[in-house]
Amino acid sequence: MSLIIPGTVSIPVGVVVERRPGVTQWAEWAWRAVEVLEDAPILPPWTLMREEAGRSLFFAGNAEVALHPTDTDNYKHNLESSSPSIWVVLRPVEAVPGFALQRVTVDAGEAHLYADSGSDLMEAVPLPHGIHAALEAFVEEHHRDRGFHKRKRDKAELEGLGRRSRVDGP
């Protein structure tokens, strides 16, 4: 069961992943997401697209980028950054080739949560122009500046803070 927030928009994308020979004795391959495609081809996940000089490009699969009206502050910060990004999360699995496409997001806060997991491979790639334009329009429509409200403490009860006398017992 999933909760659908009114106003949520989903953008279909495809992900291209690169595999290169590992540079250490502990890793046979080095993987990284290299591109997010706005118009994803109709291919099965992990289709080999090109192979040259030890470098292989795979179509990792299709995903949906979900835009939630409650997260526009994070989207706005992403758009205002010097290099707006889209994050791709690959999760290690037992099946060949060893990773599964887990998530694609434009929310830096959500990406940070996946980065903290430790086992997922997360890569920031440049935000494609079409998704950039859609994200700007979404933020324009849904963003509401929320002022900072400092929480005020309750007044201290001065009588309760005083010294208490010892209770004499039998």
Whichever aspartates and glutamates have a C-alpha closer than 18 Å to that of LYS76, once near sequence neighbours (fewer than 8 apart) are set aside:
ASP107, GLU110, GLU136, GLU140, GLU141, ASP145
Excluding ligands, DNA and RNA, the carbon-plus-sulfur percentage of the accessible area of the chain with a 1.4 Å probe reads 53 percent
Send over a whole-number figure in Å² for the accessible area per residue of the chain, probe 1.4 Å.
72 Å²
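Under the rule a/c < 1.5 gives rounded, and otherwise a/b versus b/c splits prolate from oblate, where does region 104-154 land using the Cα gyration tensor? Show your work: numbers first, answer last.
Numbers: a/c = 4.74, a/b = 1.25, b/c = 3.80.
Verdict is oblate for region 104-154.
Using +1 on the beta carbon of Lys and Arg, -1 on that of Asp and Glu, and nothing else charged, what's the dipole of the chain about the Cα centre, debye to 20? All intermediate terms of the calculation are to be shown ahead of the outcome.
Numbers: 18 positive and 25 negative charges, 190 e Å.
Its charge dipole is roughly 920 debye.
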Among GLY130, GLY147, PHE58, which residue has its Cα furthest toward the positive end of the charge dipole of the chain, with +1 on Lys/Arg Cβ and -1 on Asp/Glu Cβ?
GLY147
Contour minus Cα-Cα span, THR24 to SER119, at 0.36 nm per residue, comes to 32.4 nm
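Could you work out the local net charge near TRP31, counting Lys and Arg as +1, Asp and Glu as -1, over the other residues with Cβ closer than 10 Å to its Cβ?
Result for the neighbourhood of TRP31: +1.
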Which labelled figure in [x] 8, 29, 27, 13, 7, 6, 6, 3, 1, 0; [y] 9, 32, 26, 11, 11, 10, 2; [z] 9, 33, 31, 16, 7, 3, 0 is P(r) over Cα pairs in 10 Å bins from 0, in percent, once derived from the coordinates:
[x]
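Counting only protein chains, not ligands or nucleic acids, how are ASP116, ASP154 ordered by accessible area (probe 1.4 Å), most first? Mind showing how you got there, number by number?
On the way: ASP116 100, ASP154 140 Å².
Largest accessible area first, the list is ASP154, ASP116.
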Just name one of PRO21, TYR75, VAL36: the one whose Cα is farthest towards the positive end of the charge dipole of region 1-80 (beta-carbon charges, Lys/Arg +1, Asp/Glu -1).
PRO21
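The values are calculated or read from the model by the stated rules, or taken from the named source; none is laboratory data. All figures in this text were calculated on a predicted structure; none of them were measured in a lab. Positions of Cβ are generated from backbone atoms using ideal geometry, with glycine treated the same way; all protein chains shown enter the neighbour counts. Surface accessibility is based on the protein's heavy atoms, side chains included, excluding ligands, DNA and RNA. Shrake-Rupley method; radii C 1.70, N 1.55, O 1.52, S 1.80 Å.
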